[in-house]
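The values are calculated or read from the model by the stated rules, or taken from the named source; none is laboratory data. Remember, predicted model here, so these are calculated numbers, not experimental data. As a convention, Cβ positions derive from the backbone with ideal geometry for all residues, glycine included, and neighbour counts pool all protein chains shown. Accessible surface is based on the protein model in full, side chains and every heavy atom, while ligands, DNA and RNA are left aside. Shrake-Rupley method; radii C 1.70, N 1.55, O 1.52, S 1.80 Å.
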Amino acid sequence: MMSIKALVFAQTEVIVPPSNRSVSSLEKNLLFYADKRYKVTQSGSVSLSLPTLFDGQFFPFYSTVGINPQNPYVILIEDIPDYDAQEGTWIGLTTRYYMPTKFKIEVYDVFGGVNQWRTIADVNNNAAWHYMAKISPGNIRPSKIRFTIYNTNDTQNRLGISELFYIQPEVTKAYDGLMVQYNKDGNVGIGTDSPMAKLAVDGNILAKEIKVKTDITVPDYVFEPDYELNSLDYIADYVRTNKHLPEIPSAKEIKKDGLDLAEMNLLLLKKVEELTLHAIENEKKRNELEAKVSKLEQLLTK
């Protein structure tokens, strides 16, 4: 009798400490572009470039002077989305040179209205180019993060930081709020949390070329012999009454529903074609009138 052995794979979790050498683990970083999304302030005896600390590029920024340990460097991040630690979150920093050796990482806990600072890490002898501490699962709900740095491994106590991070695996979608948002219908939003179309952009779009494919009929039918062209008198009466051209949406409709570029471009093309037909007809009448005038002049001369 043949025996069958079943292989059982258990789920394990692991996180790679972020650094300029790692290729993963920051996609759940809640602090991407924190300087633009939240309230970020720095104080103390040195100053760093805030955008550099949150751009995910791992390009370090170094202070030009050393930290005075009696006036340590403090960076405070406020108004971050406050969620429970759930199954654990990670918080830390990374650099290349002038690494922090003595520092403290704290979070402001608002779980259950406790509203108090909790120390996540109090480090005196860090020897690595990056540091990461885990906020253990449990009743901690950070709404603020504070990094306080006293000493570095530089002889002049200068400070270098590449990135500050707060990794929240159960809350943050990959690159949340920075690139795109997806919804259950498969719609993609840039700059909006609620995309109402397959691609919704709340902001400007810069492109070298845009092509629109549409099922709307191109209005070449205007040049067919049986096309009924509205008279200019009809158009004049319509404009006086409605304050916009026939078939063209009003300003109120565009404000409410937006502007369909494909439809509007084809409607405008149709109006150009109709104007062309009017111009051709008027040119024909003008030529006929000039011919009649010329004949009259000849008769008067005789």
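The local environment of residue 270, defined by Cβ-Cβ distances under 12 Å, has a net charge of -4 under the rule Lys, Arg +1 and Asp, Glu -1.
Residue by residue, the stretch 193-201 carries 3J(HN,Hα) couplings of 8, 10, x, 9, 9, 4, 9, 10, 10 Hz when phi is fed to the Karplus relation 6.51 cos²θ - 1.76 cosθ + 1.60 (θ = phi - 60°); x denotes Gly or Pro.
Summarise the accessible area of the chain (1.4 Å probe, protein heavy atoms) by the percent that is carbon and sulfur. The partial results should precede the final answer.
Details: 10770 of 20030 Å².
Of the solvent-accessible surface of the chain, carbon and sulfur hold 54 percent.
Among residues other than residue 67 whose Cβ falls under 10 Å from its Cβ, what is the net charge (Lys/Arg +1, Asp/Glu -1)? Numbers along the way, then the final one.
Working: positive: 102, 158; negative: 154.
Net of charged neighbours comes to +1.
Normalised by residue number, the volume inside the convex hull of the Cα atoms of the stretch 55-158 is 113 Å³ per residue. Of all aspartates and glutamates in the structure, those lying under 18 Å Cα to Cα from residue 211, and not within fewer than 8 positions of it along the same chain, are 260, 263. In the distance distribution for the chain, Cα-Cα pairs more than 23 Å apart total 71 percent.
Angle of helix 232-242 to the longest C-alpha principal axis of the chain, folded into 0 to 90 degrees and rounded to 10: 40°.
To the nearest 500 deg cm²/dmol, what mean residue ellipticity at 222 nm is calculated for the chain from DSSP H runs of n ≥ 4 alone, each contributing -39,500 (n - 2.57), summed and divided by the residues?
Working: 4 runs with 63 residues, N = 302.
Calculated mean residue ellipticity at 222 nm is -7000 deg cm²/dmol.
What share of the DSSP beta bridges in the chain is antiparallel, in percent to the nearest 5? Please report the intermediate quantities before stating the final value.
On the way: 45 of 48 bridges.
So the antiparallel bridges amount to about 95 percent of the total.
Starting from the residue with the highest accessible area, list 48, 277, 199 in decreasing order, probe 1.4 Å. Write out the running numbers ahead of the final one.
Numbers: 48 10, 277 45, 199 110 Å².
Heavy-atom accessible area, descending, gives 199, 277, 48.
Note on the stretch 253-294: Cα-Cα pairs beyond 16 Å make up 58% of the total pair count.
For the chain, what is the accessible area per residue in Å², given a 1.4 Å probe and the full set of protein chains?
Numbers: 20030 Å² over 302 residues.
Accessible area per residue: 66 Å².
For the stretch 212-273, the extents of the C-alpha atoms along the principal axes are 34, 32, 13 Å, listed from largest to smallest. In the structure displayed, which of 102/144; 213/284; 39/252; 28/255; 36/104 lie more than 27 Å apart, Cα to Cα? Going by Cα-Cα distance, 213/284; 39/252; 28/255 fall outside the 27 Å limit. For residue 61, the amide hydrogen comes within under 5 Å of the amide hydrogens of 161, 162, counting only partners 5 or more places away or on other chains and with H modelled in the peptide plane.
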